[in-house]
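The structure under discussion appears below in the form of structure tokens.
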Amino acid sequence: MEQLIAFVQDEVWFNWVTAIIAAAAVITASTPTPTQGSALGYVYWVIDFLALNIAKAKDKGEGAE
């Protein structure tokens, strides 16, 4: 366990990866899902992918249940 903690603390890229995931998660959680097929929908899909929102974690959009 100590080796894992030392590895994570010494790597600069790990901080960037966690910051990107956190920022993308905040963006997807605070914005409505745009319609599929639009340019904004594609950008949202990329941000959603970066936020690791997959399977049941994905937002279904407004009105979908």
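Computed values, structure above
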quantity: Quotient of C-alpha Rg and 2.2 N^0.38 Å, computed over the stretch 1-56; calculated: 1.46
quantity: Probe 1.4 Å, all protein chains present, accessible-area order of Asp10, Asp48, largest first; calculated: Asp10, Asp48
quantity: Rounded to the nearest 10 Å², the accessible area of Phe7 at probe 1.4 Å; calculated: 100 Å²
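The values are calculated or read from the model by the stated rules, or taken from the named source; none is laboratory data. From a predicted model like this one, the values you see are computed outputs, not experimental measurements. The accessibility values were calculated without ligands, DNA or RNA, using every heavy atom of the protein model including side chains. Shrake-Rupley method; radii C 1.70, N 1.55, O 1.52, S 1.80 Å.
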